[in-house]
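The values are calculated or read from the model by the stated rules, or taken from the named source; none is laboratory data. Keep in mind that what you see is a predicted model, and the values were worked out from it rather than measured. Ideal geometry is used to build each Cβ from the backbone, glycine not excepted, and the neighbour counts take in all protein chains shown. These area figures cover heavy atoms from the full protein model, side chains too; ligands, DNA and RNA do not enter into them. Shrake-Rupley method; radii C 1.70, N 1.55, O 1.52, S 1.80 Å.
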Amino acid sequence: MNAPAPNIMRFAAPIRRLPEAVSNRIAAGEVVERPASAVKELVENAIDAGATRIEIAKADGGKSLIRVSDDGCGIPQDQLALALERHATSKIDDEDLVDIRHFGFRGEALPSIGSVSRLTITSRVAGADGWQVAVAAGVLSAPRPASRAHGTTVEVRDLFYATPARLKFLRTDRAEAQAIGEVIRRLAMASPAVSFTLTDVTEPAQPRKLFSVTGAQGDLFDQRAARAAEILGTGFAENAVPVEAERDGLTLSGQIGLPTFSRGAAVAQHITVNGRPVRDKLLLGAVRAAYMDVLSRDRYPVVALHLTCPPERVDVNVHPAKAEVRFRESGTVRGLIISAIRHALAGAGHRSTTTISDAALGAFQPGDHAPRPVPARTGWSAQGEAYATRPSWGAYPSAPAIDAAATAQAPAGFAEADWTSARGVPGATDALPEGAPLGAARAQVHENYIIAQTADGIVLVDQHAAHERLVYEKLKAQSVATGVARQGLLIPEIVELGTDAGRLLDHAEALAEMGLLIEPFGPGAVAVREVPAILGQTDPAALLRDVADEIADLGTADGLRGRIDAILSRMACHGSVRSGRRMTADEMNALLREIEATPNSNTCNHGRPTWVRLGLDDIEKLFGRR
Ligand code: ADP
Ligand code: MG
């Protein structure tokens, strides 16, 4: 109870300079947090050295061994010891702090790692002899000759053995190994011309190759595309759209996945800034905002994006591991990313994810437990089991028969969106419409799916999902054109928000434009006077809290636009044609034409596809005709 606070000095102690080994160890605490950070530093050094092949070996999650070998320029014998000295670097001159051509510039990695482990560097410059130096817990041994091809191998054994406190905080071998894999994938994505291999040598007699990519050919765009396909899978190549945009001297280039090709976590989001892989909040937030419209909150897009920026407009020296960067014009960067991604997605036109079509195709395989309206077994049983379970498609009623049954009442939600009335579109029995990728409606099944015939296959449309998207896009267009109409509350609602109140009031003006009129009401509270009319009866407190969260999350009024969009999206869902309603041929065709004409309409507001296609080749494959 009476123990003195540890940070109060009782006696003035003399000020001393820290011994180098100690200051290195302190630096190591920042630069090398875990085995993966040591791997990152060593691989970056190899890339900086101009390597074309980098081989990484690790044992026990990198705790007992990390070895990085490269075929780069090597370190001359007389500089080996210097490389291990703090603040000694070959990558900087006296004037500019950061040479953008290199990853390194602090001159801290090797001395830091050497101060907490047993480190050996073996290196040879072309045309000279090879040399080796070793350092253990910061104590250097004299260089000795060693033979090897040109390049450098850095071996780190027993990382953190000299700092037991840090050792205790390491995670399981498995978790550390995963982090190493992640670091290598990110660096490999940023340096597509370099070959990388990662091998686990925990069992020295049975090395396991975990990762291997080969230096890609072609121009930079092609190299990056090839590397993205290697790392994110060929599925990415098939389900991605290119991004190329430029604004005020900043350029963004790369590929982004279609919303239907999303993931459950942010693991497949690769962003580089001037060639450095980064995990930067501003950039990731902009990607998220760009997809907000087409992806639900728990899904993450797959992206491989490369931002190039004049070096004087970005500071990469704000984070010891250089994962975060600071831009001079962060608004421009954010705007560039959002508009480029949205533009690319809108331009993706009528593409649906191949993986989903593939999955559906799998479901079409014979042997599925599909209900069979008229089992056509007669004469088939002799052909064997597989054929006997195949449904007979000819048994479905033809399209005109369905039309006759489906001429009933048009529900309110549908009338509002104005494609109920026939607008000269061909009926189900007419020829295929010209230049209409979604073809002509032939039938509606299970009161939610439209089957349309296209020039080279069939298209299956989820009418509810598609309609929801169309209503949403209309609402958005209205709100942009004329502003969101407000509706006054009879009695202003007082909402207690605590510290969020200030944040909301900071954006009061922008909120008013989006239909939400608020005023300060004493400390920590806000009075709501008007809400967006479009919402009808709504709970102002819940709405306000959601908006406050959104602002906290995104940090700008941009989020409010997104917030309104999210609200519009939810409304669209309620105002849409539910599944379970029969549609006439004209209605169905009008819906198809509307999908074709509406941006983003190939996915619903939650990122699910609104339609899938099955090519004639695929159909023929199903029946063994190909
Ligand atoms: P930095 O990378 O910030 O310069 P490091 O401590 O990582 O600092 O490396 C110190 C120096 O050692 C580098 O500037 C470079 O000259 C040399 N070096 C390190 N690794 C390699 C390598 N794999 N190949 C060639 N030179 C290297
Ligand atoms: Mg370095």
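A few notes on this one:
- Long-range amide H partners of residue 611 with built H, under 5 Å: 462
- Cross-link table 168/281; 40/91; 63/209; 40/209, entries beyond 20 Å C-alpha to C-alpha: 168/281
- Note that the stretch 437-449 has calculated 3J(HN,Hα) couplings of x, 8, x, 10, 5, 10, 6, 10, 10, 6, 6, 9, 10 Hz, one per residue in order, obtained from phi through the Karplus relation 6.51 cos²θ - 1.76 cosθ + 1.60 (θ = phi - 60°); glycine and proline are x.
- Mean-position separation - Cα centroids, the stretch 477-511 and the stretch 244-291, in angstrom: 31
- Ordering 490, 84 by accessible surface, largest first, gives 490, 84; the 1.4 Å probe counts only protein heavy atoms, with every chain in place.
- Amide H contacts of residue 274 (H built 1.01 Å from N, in plane; Pro and chain starts excluded): 307, 308, 309 sit under 5 Å, all sequence-distant by 5 or more or on other chains.
- Computed from phi, the 3J(HN,Hα) profile of the stretch 27-43 under the Karplus parametrisation 6.51, -1.76, 1.60 (θ = phi - 60°) reads 4, 4, x, 8, 6, 10, 8, 7, x, 4, 6, 5, 4, 4, 4, 5, 5 Hz, with x in place of Gly and Pro.
- Residue ranking by accessible heavy-atom surface, 1.4 Å probe, largest first, among 227, 157 comes out as 157, 227.
- Electrostatic bookkeeping for residue 65 treats Lys and Arg as +1 and Asp and Glu as -1; over the other residues with beta carbon under 11 Å from its beta carbon, the sum is +1.
- 5 angstrom amide H check on residue 457, placed H, neighbours 5+ away: 616
- Proximal charge balance of residue 267 [Cβ under 12 Å; K/R count +1, D/E count -1]: +3
- Cβ-based net charge around residue 155, under 10 Å, with every Lys or Arg adding one and every Asp or Glu removing one: +3
- Histogrammed with a bin width of 10 Å, the alpha carbon distances of the stretch 185-271 distribute as 15, 41, 30, 11, 3, 0 percent, first bin at zero.
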